1. Six or more apart or on different chains, Cβ atoms under 7 Å: show the pairs whose first residue is in the range 61-75 and closer than 9 Å to MET47 by Cβ and whose second is of a type in the set (Ser, Thr, Tyr).
2. Restricting the first residue to the range 24-37 and requiring it to be in contact (Cβ under 8 Å) with a residue 24 or more places away in the chain and under 12 Å from LEU3 (Cβ atoms), which pairs with a second residue that is of a type outside the set (Lys, Arg) and not in a strand (DSSP E or B) meet a Cβ separation below 6 Å and a spacing of at least six or different chains?
3. ALA8: surrounded by fewer than 15 Cβ atoms within 10 Å (Cβ to Cβ), at pLDDT below 90 and in contact with an Asp or Glu (Cβ under 6 Å, 6 or more places away or on another chain), yes or no?
Amino acid sequence: MELGLLIAYEEEQDAVPHQVFDVAVVVEESIVIRHEKSVACGVAMLMGVIYAVNLEYPSAMKYTFEFLQKVVVKIKPEQASARIHGLLEVQHVNSSMLSR
């Protein structure tokens, strides 16, 4: 299953566009949500579509989406993969070292 964001922006010379004017969520070459005004809202909508329709995460971004779901949004964090648990342990150690 192909999932992603279609981001329309003003042409810029920088690697990151500054003037995004439309973001759309695409599933299997069909736009399912359009007219989002920011990439952050587009990512949130994409995650909502994945979760609501019970789709699998794209394999190339599996751990990114899992991190967003389990850690950021806190949906079933106890079911996180070993890779995400390992990342959380490293984060916990680093934050405890900073608080000393």
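The values are calculated or read from the model by the stated rules, or taken from the named source; none is laboratory data. It should be emphasised that the depicted structure is a prediction, and the values quoted were computed from it without experimental measurement. Note: ideal-geometry Cβ built from the backbone for every residue, glycine included; neighbour counts use all protein chains shown.
1. PHE65/TYR57
2. Short answer, once both residue conditions are applied: VAL25/MET45; VAL25/LEU46; VAL25/VAL49; GLU28/GLU2.
3. yes
The rows are residues; the columns are (1) surrounded by fewer than 13 Cβ atoms within 10 Å (Cβ to Cβ); (2) in a strand (DSSP E or B); (3) at pLDDT 90 or above; (4) out of contact with any Gly (no Cβ under 8 Å at 6 or more places or on another chain).
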| site | (1), (2), (3), (4) |
| --- | --- |
| MET1 | yes, no, no, yes |
| GLY4 | no, yes, no, yes |
| GLN13 | yes, no, no, yes |
| VAL26 | no, yes, yes, no |
| GLN69 | no, no, no, yes |
| MET97 | yes, no, no, yes |
